Amino acid sequence: APADADSGLTYEEGTWTPQDTDLGGSVQSGMYTKIGNLVTCHFTLTTGAISGGSLFYIKNLPFTCGATDAFRGAVSIAYTNATNMPLGGNVTEGATTAYLLIGTGDIATDDEIGSSKTIAGSMMYRVD
């Protein structure tokens with residue numbers, strides 16, 4: 001059915017600041033659109049000085065993802081020069097974070113992404 005202006009859905013768009021695991025980095029920019037309970041985000045970030053085996057997360061999403069697995073959505077990678085190529089990822093349910101998956105299917109660690117690496121992409125998820 002065609003969109004109905006009287007459907008009661010709210011519409012919002014704006015900017016957000018994506019952050020890496022250690023909240024560092026030189027480039028951190030993002031845009032989002034929220035229609036009803038569906039959020040679409042686009043982002044570019046350059047990591048700070050990260051290292052070690054801790055899991056790598058993109059933090060500070062503009063809205064908290066819904067609390068169940070059914071609400072989390074996919075992260076799509078448009079560009080990266082990360083040490084190991086992330087293939088995509090998932091928004092974390094009940095949180096404002098997303099993780100990336102590398103070729104082995106594992107959640108990427110700080111070492112696998114690397115310092116001063118650029119990641120650009122988009123994600124879509126639902127809020128409660």
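Tabulated data
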| item | result |
| --- | --- |
| Failed criterion for residue 83 (all others in (1) open to solvent by 70 Å² or more (accessible area, probe 1.4 Å); (2) touching a strand residue (DSSP E or B) at 6+ places or on another chain (Cβ under 7 Å); (3) assigned to a loop (DSSP other than H, G, I, E, B); (4) of a type in the set (Val, Ile, Thr) hold) | (2) |
| Candidates 68, 92, 96 - the one that is farther than 18 Å from residue 15 by Cα, crowded, with 16+ Cβ neighbours inside 10 Å and β-branched (Val, Ile, Thr) | 92 |
| Selection within the stretch 18-36 - modelled with pLDDT of 95 or more and either open to solvent by 50 Å² or more (accessible area, probe 1.4 Å) or out of contact with any strand residue (DSSP E or B) (no Cβ under 7 Å at 6 or more places or on another chain) (or both) | 29, 31, 35, 36 |
| Cβ-Cβ under 7 Å pairs, at least 6 apart or on other chains, the stretch 71-91 side closer than 12 Å to residue 124 by Cβ and basic (Lys, Arg), far side assigned to a loop (DSSP other than H, G, I, E, B) and open to solvent by less than 20 Å² (accessible area, probe 1.4 Å) | 72/65 |
| Residue list for the stretch 6-17, restricted to those being outside any strand (DSSP E or B) and more than 21 Å from residue 77 (Cβ to Cβ) | 6, 7, 8, 9, 10 |
| The lone exception for residue 105 - which of (1) open to solvent by less than 30 Å² (accessible area, probe 1.4 Å); (2) of a type outside the set (Phe, Trp, Tyr); (3) at positive phi it fails | (1) |
| Residue ID - least open to solvent (accessible area, probe 1.4 Å), chosen from residues in the stretch 47-57 that are under 16 Å from residue 97 (Cα atoms) and not aromatic (Phe, Trp, Tyr) | 47 |
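The values are calculated or read from the model by the stated rules, or taken from the named source; none is laboratory data. Please read all numbers here as calculations on a predicted model, not as lab measurements. Ideal geometry is used to build each Cβ from the backbone, glycine not excepted, and the neighbour counts take in all protein chains shown. The area values use the complete protein model at the heavy-atom level, side chains included, leaving out ligands, DNA and RNA. Shrake-Rupley method; radii C 1.70, N 1.55, O 1.52, S 1.80 Å.
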